[in-house]
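Just below is one structure, and these are the notes that go with it.
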Amino acid sequence: QVQLAESGGGLVQPGGSLRLSCTASRSIFNFYIRGWYRQAPGKQRELVARIDNGGRTNYAESVEGRFTISRDNAKNTVYLQMNSLKPEDTAVYYCNKVPPHSTFWGQGTQVTVSS
């Protein structure tokens, strides 16, 4: 069992930045392909960024060039740097493995982009 704790969300104006963190309770999480997901009101949860064990990254087209996923295996932590935020980035952000494990979902962290 792995517990994930997301943090770093908040209210930010359009064009602003936030850095999200996801810390796992067990280092086994480091061996998975890890991803950041988000769920906006009334929409399905979507994968926005992922990073594999070799450090290779992939992004959804909607965030490409604005978001950066990174990791610190010594801290069992994955980060999501979000720049040039838009109102449509408003969502609850979660981390999980890719594909997701149903029992790993944490509480998520709310990101609200609004003026």
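The values are calculated or read from the model by the stated rules, or taken from the named source; none is laboratory data. What you see is a predicted model; the values in this text were computed from it and never measured. Quick reminder, even Gly has a Cβ in these numbers, built from the backbone with ideal geometry, and neighbours come from all protein chains shown. With ligands, DNA and RNA removed, areas are computed over all heavy atoms of the protein, side chains included. Shrake-Rupley method; radii C 1.70, N 1.55, O 1.52, S 1.80 Å.
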So which pairs qualify, if the first residue must be in the range 86-115 and small (G, A, S), the second must be open to solvent by less than 40 Å² (accessible area, probe 1.4 Å) and outside any strand (DSSP E or B), the Cβ gap must be under 9 Å, and the two must be at least 6 apart or on different chains? A91/A40; A91/G108; G108/G9; S114/T90
Quick one: S17 ticks every box in (1) exposed (fewer than 14 other Cβ atoms within 10 Å of the Cβ); (2) closer than 15 Å to P100 by Cβ bar one, so which box is it? (2)
Of the residues G42, G35, G106, G65, which is part of a loop (DSSP other than H, G, I, E, B) and open to solvent by less than 60 Å² (accessible area, probe 1.4 Å)? G106
Output for the range 45-56, where each listed residue is at pLDDT 95 or above and either surrounded by 15 or more Cβ atoms within 10 Å (Cβ to Cβ) or over 15 Å from the mean Cα position of the chain (by Cα) (or both): R45, L47, V48, A49, R50, I51, R56
Just to be sure I understand, how many residues within the range 77-103 are in contact with a helix residue (DSSP H, G or I) (Cβ under 9 Å, 6 or more places away or on another chain) and open to solvent by 30 Å² or more (accessible area, probe 1.4 Å)? 1
